Amino acid sequence: MLAHATVDKMTAMHLPAMAEAFQRQLGAPQFAALSFEERVGMLIDTEWTAREQRKLQRRLRTANLRRQASLEDIDWQSPRRGLDRALVQSLATCAWIAEHRNLLLIGPTGIGKSWLAEAFAERACRSGYSAYCVRAPRLFRELHIARGDGSYLRVLARLAKIDLFALDDLGLAPLTSAERHDLLELLEDRTERASTLITSQVPVKAWHEVIGEPTLADAICDRLVHSAYVLELQGPSMRDPAVRTRSATAPPSDSESTEAPEPPPPKPPRSRKRS
């Protein structure tokens, strides 16, 4: 009777994993040989692990991931050239997120930028950070709607709190005046407070042309580039069936590094001087 009451109280206190573990201990004689401290520790570990798993699942749902992407699944034998294995493994520690630095993934269409961005976001979630991935056209559309219904500042405040904000496909088309201002407001709230990941087909040195309006372009690039790691990817589209076939049959390379040294300081291109 006492055991049932204890289980009911655990459930009422929102300790379902601990209650389930407690019932397992009651029904398994092997636990009787353990000390009181060991049994209590096991109950607490079970509840703690269950809560951490629930937090992780919430972070993954909030991240808006569209793919089953993980850094462990990177195909290093693919024709995706320019992907520095040592640097990627170092970035996988998420130290750059703790330091509020940015990451720019540059390369042609189909090279795997979006997949890699979501893989970094997934790793961030597993490391305890919040993340959110969105394509640039959809973000600007959502901000346009928010401006109309009066929720614009609330949306910006919510985005500013995200540890890793991944903006996919920036620069598919020249930015409008409203989009330039939206991007600057977003980055202003996040600069030196949180990390931003950008994917783009446009080389960083050409961002001024895509952004337009030199003064705003300088301000946006200044907030993005100077504290960023830049990964420039090169090669054929990974969507090409012939490329995927060659990747699957390619032998492993003995020259690839497996160690993860400290990431070198970023060397971003210089933005144009302000007039």
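The values are calculated or read from the model by the stated rules, or taken from the named source; none is laboratory data. On a predicted model such as this, the values are computed, not experimentally measured, just so you know. Methodologically, a virtual Cβ is constructed for each residue, glycine included, from the backbone with ideal geometry; neighbour enumeration extends over all protein chains shown. The area values use the complete protein model at the heavy-atom level, side chains included, leaving out ligands, DNA and RNA. Shrake-Rupley method; radii C 1.70, N 1.55, O 1.52, S 1.80 Å.
Would segment 232-242 turn up any residue that is farther than 27 Å from I97 by Cα and of a type in the set (A, V, I, L, M, F, W, C)? The answer is yes; a qualifying residue exists.
Hey, can you tell me all the residues within segment 156-195 that are in a loop (DSSP other than H, G, I, E, B) and polar (S, T, N, Q)?
T176, T191
Looking at S227, is it at pLDDT below 95, crowded, with 17+ Cβ neighbours inside 10 Å and of a type in the set (S, T, Y)?
Working: at pLDDT below 95: yes; crowded, with 17+ Cβ neighbours inside 10 Å: yes; of a type in the set (S, T, Y): yes.
Yes, satisfied.
Among the residues of segment 27-39, those identified as surrounded by 12 or more Cβ atoms within 10 Å (Cβ to Cβ) and part of a helix (DSSP H, G or I) are F31, R39.
Screening H208 on (1) within 20 Å of E232 (Cα to Cα); (2) within 21 Å of the chain's Cα centre (by Cα) shows it passes everything except condition (2). Restricting attention to segment 157-168, the residues that are open to solvent by 10 Å² or more (accessible area, probe 1.4 Å) and among the hydrophobic types (A, V, I, L, M, F, W, C) total 3. Checked against the criterion of being open to solvent by 70 Å² or more (accessible area, probe 1.4 Å), modelled with pLDDT under 90 and either out of contact with any Phe, Trp or Tyr (no Cβ under 6 Å at 6 or more places or on another chain) or more than 28 Å from S227 (Cα to Cα) (or both), the candidates D75, D8 yield just one match: D8.
For the residues R66, R61, R101, the requirement of being among the basic types (K, R) and out of contact with any strand residue (DSSP E or B) (no Cβ under 8 Å at 6 or more places or on another chain) singles out R61. Within segment 91-120, the set of residues being under 24 Å from A206 (Cα atoms), touching a Leu at 6+ places or on another chain (Cβ under 9 Å) and in a loop (DSSP other than H, G, I, E, B) comprises G107, P108, I111, G112. With respect to the conditions (1) closer than 24 Å to L60 by Cβ; (2) of a type outside the set (F, W, Y); (3) in contact (Cβ under 8 Å) with a residue 40 or more places away in the chain, G107 falls short on a single one, namely (1).
Okay, residues lined up against (1) under 30 Å from A194 (Cβ atoms); (2) open to solvent by less than 40 Å² (accessible area, probe 1.4 Å); (3) part of a loop (DSSP other than H, G, I, E, B); (4) hydrophobic (A, V, I, L, M, F, W, C):
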position: A17; (1), (2), (3), (4): no, yes, no, yes
position: E52; (1), (2), (3), (4): yes, no, no, no
position: R58; (1), (2), (3), (4): yes, no, no, no
position: N64; (1), (2), (3), (4): yes, no, yes, no
position: A69; (1), (2), (3), (4): yes, yes, yes, yes
position: A86; (1), (2), (3), (4): yes, yes, no, yes
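Within segment 102-114, the set of residues being buried (at least 18 other Cβ atoms within 10 Å of the Cβ) and not charged (D, E, K, R) comprises N102, L103, L104, L105, I106, G107, I111, G112, S114.
Residue-by-condition table, conditions (1) open to solvent by 80 Å² or more (accessible area, probe 1.4 Å); (2) closer than 20 Å to W115 by Cβ; (3) in a loop (DSSP other than H, G, I, E, B); (4) out of contact with any strand residue (DSSP E or B) (no Cβ under 7 Å at 6 or more places or on another chain):
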site	(1), (2), (3), (4)
V134	no, yes, no, no
G148	no, no, no, yes
R154	yes, no, no, yes
L197	no, yes, no, no
A206	no, no, no, yes
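Return yes when L139 is outside any helix (DSSP H, G or I), open to solvent by less than 50 Å² (accessible area, probe 1.4 Å) and under 24 Å from R193 (Cβ atoms) and no when it is not.
Against the criterion (outside any helix (DSSP H, G or I), open to solvent by less than 50 Å² (accessible area, probe 1.4 Å) and under 24 Å from R193 (Cβ atoms)), L139 does not qualify.
Inspect segment 36-49 for any residue being small (G, A, S) and either in contact with a Phe, Trp or Tyr (Cβ under 6 Å, 6 or more places away or on another chain) or within 29 Å of R126 (Cβ to Cβ) (or both) and give the result as yes or no. Yes: one or more hits.
Restricting E99, E122, E118 to those that are open to solvent by 20 Å² or more (accessible area, probe 1.4 Å) and closer than 22 Å to Q57 by Cβ reduces the list to E122.
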